[in-house]
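J.: First the structure, which I've put down as structure tokens, then a few questions once you've had a look.
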Amino acid sequence: AQTVTQSQPEMSVQEAETVTLSCTYDTSESDYYLFWYKQPPSRQMILVIRQEAYKQQNATENRFSVNFQKAAKSFSLKISDSQLGDAAMYFCAYRLNAGGTSYGKLTFGQGTILTVHP
Amino acid sequence: NAGVTQTPKFQVLKTGQSMTLQCAQDMNHEYMSWYRQDPGMGLRLIHYSVGAGITDQGEVPNGYNVSRSTTEDFPLRLLSAAPSQTSVYFCASSKGTGARTEAFFGQGTRLTVV
């Protein structure tokens, strides 16, 4: 079974600085997706960024980028120019891309609470 | 576009009571899932569905039932609530392939069983 581990229960960053959240996963598969979701106090789950395992290029969305190391099974999220609105719980998630039932199942990490100091 | 709509947002139940959490999506997604979120454990899959009439168990299915009679709706039933079912519940929908394959989530239901 796949597992996802976020080893940092809490992180903090100063406004305008850069922070990196860590995620490692364990899988024997080669075709999968990885996601970072943000959960602010409103509880809403918001997609931050997505990475397809077969794409070597690291995904980027504005101030958010990932460092995807497939061989090391590592998927870290870098937030540049941190803003107060970035404060939230961040979840790393894995989804197998093998068709059929795999499409409906996400495996999540434990989450990292990010605090942004003004 | 409403996306994924979950009701209710909050609920308090007594031990032994039953209830249904409602979930509806208007994106014509094939795949729908229920997760529970507990502190320090992330989100864990309870049940999922790959289409109308087809459901299967996830990681933590005990005490919950689901059915999927239409593409749009995927209710979660608690048969006899227990304090261990106190949690935040999320419904999600997704499509399998193509662009935007990520899961879209409802706003969650905070359930307390006393």
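J.: Give me Rg over Rh for chain A, both radii from the alpha carbons and Rh done the Kirkwood way, two decimal places.
T.: 0.97
J.: Through the Karplus equation 6.51 cos²θ - 1.76 cosθ + 1.60, θ set to phi - 60°, convert the phi angles of region B:23-40 into ³J(HN,Hα) values in whole Hz; use x for Gly and Pro.
T.: Computed from phi, the couplings for region B:23-40 are 9, 9, 10, 10, 9, 6, 7, 6, 9, 9, 8, 10, 10, 10, 10, 10, x, x Hz.
J.: Under a GNM of chain A (C-alpha, springs under 10 Å), which listed residue has the highest mean-square fluctuation: A:Ser76, A:Ser30, A:Ser42?
T.: The residue with the greatest mean-square fluctuation here is A:Ser42.
J.: Would you look at the GNM of chain B, springs on alpha carbons closer than 10 Å, and say which of B:Gly63, B:Gly51, B:Gly42 moves the most?
T.: Of the options given, B:Gly42 has the highest mean-square fluctuation.
J.: Considering only DSSP states other than H, G, I, E and B, which chymotrypsin sites (Phe, Trp or Tyr not before Pro) in region A:1-72 qualify as loop sites with at most 14 other Cβ atoms within 10 Å?
T.: A:Tyr54
J.: What Kirkwood hydrodynamic radius, in Å, does chain B give when the mean of 1/r is taken over all pairs of distinct Cα atoms and then inverted?
T.: After inverting the mean inverse Cα-Cα distance, the result is 14.1 Å.
J.: Distance cut-off 21 Å, Cα to Cα: go down the list A:Lys78/B:Lys9; A:Lys55/A:Lys78; A:Lys70/B:Lys95; A:Lys105/B:Lys9 and report the pairs above it.
T.: A:Lys78/B:Lys9; A:Lys70/B:Lys95; A:Lys105/B:Lys9
J.: Among the trypsin sites (Lys or Arg not before Pro) within region B:31-110, which fall in a DSSP loop and have no more than 16 other Cβ atoms within 10 Å of their own Cβ?
T.: B:Arg100
J.: Taking the alpha-carbon centroid of each part, what is the distance from region A:98-112 to region B:1-47 in angstrom?
T.: Rounded to whole Å, the Cα centres lie 16 Å apart.
J.: Kirkwood Rh, region A:1-64, all Cα pairs: how many Å?
T.: 14.0
J.: Rg to Rh ratio, the protein assembly as shown, alpha-carbon atoms and Kirkwood radius?
T.: We get a ratio of 0.97 for the protein assembly as shown.
J.: Hey, what's the per residue convex hull volume over the C-alpha atoms of region B:49-114, in cubic angstrom?
T.: Details: hull volume 6.5 nm³, N = 66.
So the per-residue Cα hull volume is 98 Å³.
Computed from the coordinates by the stated procedures, all read-outs in this text should not be read as laboratory data. Because the structure is predicted, anything quoted here is derived from the model rather than measured. Virtual Cβ from ideal backbone geometry, glycine too; neighbours counted across all protein chains shown.
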